[in-house]
């Protein structure tokens, strides 16, 4: 960890330490290939399947690093976050493995299935109204009452160091990659990828893939400063959140380019992956493939690592099924 | 191959030869595990993922063995079959790899998606009316005109020896299995499993799993002779076909027991596997898990190998989606 103009930035040693710390609690996920996808893209694609990860997504890496890095005294008071997605599941899982409480502040309007999933991993839900003001108020109260340690879904050096373990495994599993591509929302996975690759494989290009309808990271990247959108709408619901100072640090310094795809391109790529690779993955994870198929001139002839970030999907509401 | 009262029965050496012959054309599919499924079943489950196999199903093993076992002269005339399912895809794939024609007789009423899939693998479709009489007539004409070699979907020693390679890999990948379970329709996979295990791991129990609504193999097994149903109806559409003399030979001699599950149990097990293991598998492959969850007293505490037979699903018509 080093101080960069007041920002606590994780270093590669933090990734190494994180990996050691979380190994007993995560899967070393497999890498799949598909001749069909290679022919279609003209590239050689390697899919790192974090959809097979514990709690169904890469987020468990950062969550476990945060939880298992706490001192016994801090840990006793538990951890807390506000999220209705994979970070809440992952933090609940990690806290459960350490035997400490995990407090999750969620809008009372969140889907029952998401609440059930968090409770299924042992998370304790406190409901708030569906507004930022209410969420912040309720969260502040929970934090004050419990003394729980706040773990941000992505703008946290412990979380980014944890996500960086994914690319470290990837580099061990596949030799000679020319590029790695991952979806970008708040930028946690991309930041971890930047942190690891800039240290152990600085020649590997790093692409971020984003929905056109939530392209704030793309516009930030082109503008040279953070642009945050208010409540963008996309099927890739894991990618609606904006960059923050720490993830912007990595994105602005190490990302090769950010490329975008339309809603229909994302849905088509998602369905194609299910149909041909026989894996269940979230809409968010389909954005990289959509981008690869849309920009063959960028990827043709390259060995490209694709990070499949998660597999937590509502099987009753698949985006290609109409109403 | 040995003659058993006029029946040409494959022997274990045929499995070994088949494995050598088909290795360049198939995947050595991975074995997945799930802590969740273990807790739910009380058993230790190992899933052999033939849904990741070439052409999306185990059937490519038998099809490749039949196609690549032909002499150059016989091969030149091509192969032929009648099937609208995975066997047609697999035989088309295998023939394409050898560069020979594959003739598939299919009812003109078969779904367009199935016709497209067969053509996508290079198969040449000849349409018949949706009746057994028409199918047999049209098939006889195709056979006579082309001289193509008929490859039955399951009642063929070459096909059974090919399917036997799956369990051979499985035994190398997982040590100390107590039982193996696979779905049963015509009995090709189960026969290959019997052939291999009775030779290299005779202590391993062999269970077959069948839909209640197409339980002809179950009733045959209990009666001691083949009972064939006319057009049973089940969501597990790969399992509607009856046993034949060669598969009955293996089933009657080597299967430990046949267990059945209801339509709802099959759909629930399928959805559960998609949701928790993040893999796309056919309804047919969910029958073993349904049976395991329904009969905990049979499987509890055992190390059980589950053969996930295929992943070719119509993603627009999932059985848990109404309407």
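Read-outs: derived from the displayed coordinates by stated rules, not from any lab. On a predicted model such as this, the values are computed, not experimentally measured, just so you know. Please note: Cβ atoms are built from the backbone with ideal geometry, for glycine as well, and neighbour counts cover all protein chains shown.
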MRE, 222 nm, helices only [DSSP H, n ≥ 4, -39500 (n - 2.57), over the protein assembly as shown, to nearest 500]: -14000 deg cm²/dmol
Starting from a label point 7 Å past Cα on the Cβ side, list the distances from residue A:73 to the same position in the other copies, nm, shortest first. 8.9
Using alpha-carbon positions, what is the distance between the centroids of the stretch B:1-80 and the stretch B:246-323, in Å? 18
Spin-label pair residue B:33/residue B:76, simplified geometry with 7 Å Cα→Cβ offset, distance in nm: 5.3
Where a ≥ b ≥ c are the square roots of the eigenvalues of the C-alpha gyration tensor, would you call the protein assembly as shown rounded, which needs a/c under 1.5, or, failing that, prolate if a/b is larger than b/c, or oblate? prolate
Out of A:157, A:202, A:101, any idea which swings most in a Gaussian network model of chain A, alpha carbons joined below 10 Å? A:202
Relative contact order, percent, of chain A when contacts are C-alpha pairs under 8 Å separated by at least 6 residues? 21
Relative exposure of A:320, B:274, judged by other C-beta atoms within 10 Å (fewest first): A:320, B:274
Considering just Cα atoms, how many Å³ per residue does the convex hull of chain B enclose? 127
Return the average number of partner chain Cβ atoms within 10 angstrom of each residue Cβ along peptide A:276-285. 5
Largest fluctuation, A:123, A:224, A:56 only, Gaussian network model of chain A with Cα springs under 10 angstrom, belongs to A:224
With the 8 Å Cα cutoff and a minimum separation of six or more residues, the stretch A:60-150 has a relative contact order in percent of 32
Within the set A:78, A:305, A:147, GNM on chain A using Cα springs under 10 Å gives the largest fluctuation to A:147
Return the average number of partner chain Cβ atoms within 10 angstrom of each residue Cβ along peptide B:25-36. 1
Going by a ≥ b ≥ c, the root eigenvalues of the Cα gyration tensor, does the stretch B:1-126 fall in the rounded group (a/c under 1.5), the prolate group (a/b larger than b/c) or the oblate group? oblate
Measuring label to label, 7 Å along Cα→Cβ, what does residue B:203 give against each other copy in nm, shortest first? 5.2
Percentage relative contact order, the stretch A:262-323, counting C-alpha pairs under 8 Å, at least six apart: 37
Cβ crowding within 10 Å averaged over residues, with A:45-53, A:225-233 ranked highest first: A:45-53, A:225-233
With the label set 7 Å along Cα→Cβ, residue A:27 is separated from its counterparts in the other copies, in nm and shortest first, by 1.4
Packing-based exposure ordering (other Cβ within 10 Å, fewest first) of B:239, A:177: A:177, B:239
Cα gyration tensor of the stretch B:147-289, axes a ≥ b ≥ c as square roots of the eigenvalues: rounded (a/c below 1.5), prolate (a/b > b/c) or oblate? rounded
Scaled radius of gyration (Cα, divided by 2.2 N^0.38 Å) that the stretch A:60-150 gives: 0.99
